[in-house]
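Below you'll find the structure, written out as structure tokens, and then a few comments.
Bear in mind that the values in this text are calculations on the coordinates, not laboratory data. These numbers were taken from a predicted model, which means no experiment stands behind them. Ideal geometry is used to build each Cβ from the backbone, glycine not excepted, and the neighbour counts take in all protein chains shown.
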Amino acid sequence: MIWEACDGPEHVCSISGSLYRLVENQEQVATTGYVDTLEEQAVLEELLDSSKPDYPTDAPNELHYLLKTPFRYPPLLWGSRFGRVHEPSLFYGGATLEATLSESAYYRFVFLLSMEAKPPKSRLNTEHTVFSVGYESERGIQLQKAPFNSYQDQLADRQHYSASQALGTSMRSANIEAFQYLSARSIEPEVCVALYTPSAFTGTEPRSMENWLCELNAEQVTFKAIQSSQIYRFSKFQFEVDGVFPTPA
């Protein structure tokens with residue numbers, strides 16, 4: 001076990017910084033087509049919200065929904081990089097915009113390739129929000145540094161999550177609140193951040209929010225901020241392993 005081999009408790013430290021996260025703009029668009037007035041839309045959204053899982057008990061009521069929603073839902077069928085399917089979800093983000101977009105681009109391809117039917121269009125255009133938030137914890141871990149970085153090949157395995165999930169369970173059991181790690185999807189080394197608890201946020205609101213556009217096709221993901229001319233492109237090839245796109249496992 002990586003945690004035991006690295007004598008994990010000896011490397012608990014204070015970590016802090018800002019992280020970025022990209023989310024798709026969908027809830028308001030998804031409901032407006034079913035109602036005639038804004039009042040009806042408000043009622044419908046309230047009904048939909050009441051049918052969702054409860055927020056975690058350590059998420060204060062005043063915490064912005066973008067910050068507490070990731071903790072609300074159970075993990076995906078395969079879990080996550082550091083979370084098993086039976087464990088509460090973590091809040092993931094990138095320490096840089098590049099890390100965030102690299103990870104997001106990979107999951108856009110996962111979304112496209114998971115469609116059972118052929119996509120209705122050759123290009124899928126979606127709107128997103130990139131937001132930033134501060135984090136800080138005295139019970140942090142830096143997996144990108146020694147001694148954990150000697151296990152980097154396992155922690156950033158592009159096909160298998162078993163080693164990183166086992167470490168995630170060990171850190172959770174050790175009451176770690178937040179940790180940093182290297183992205184498994186970025187071309188250049190980029191740091192990502194994961195939080196076990198909303199108490200690691202330094203505030204109740206995002207520090208910044210920006211609207212982005214995304215174009216997805218079978219070979220490429222393109223991101224562009226609405227207020228900027230800069231474009232970020234990610235090819236499916238850069239995520240492949242031996243010519244095969246790896247699905248989370």
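Reducing segment 6-23 and segment 221-243 to their Cα centroids gives an inter-centroid distance of 27 Å. In terms of its C-alpha gyration tensor, segment 159-207 comes out oblate, because a/c is 1.5 or above while a/b does not outweigh b/c. Sites listed here are GluC sites (Glu not before Pro) in segment 161-249 whose DSSP assignment is loop and whose Cβ has at most 16 other Cβ atoms within 10 Å: E219, E240. What the Cβ-Cβ distance of N175 and S122 gives, at R0 = 35 Å and to the nearest 0.05, is a FRET efficiency of 0.10. Each principal axis of the Cα cloud of segment 93-235 was evaluated for its coordinate range; sorted largest first, these ranges are 47, 34, 27 Å.
For segment 180-249, the convex hull spanned by the alpha carbon atoms encloses 145 Å³ per residue.
Computed over the alpha-carbon atoms, segment 117-157 gives an Rg to Rh ratio of 1.27, Rh here being the Kirkwood radius from the mean inverse distance.
How big is the dipole moment of segment 141-196 about its Cα centre under a simple scheme where the beta carbon of each Lys and Arg is +1, that of each Asp and Glu is -1, and everything else is neutral? Debye, nearest 20, please.
Once rounded to the nearest 20, the dipole reads 100 debye.
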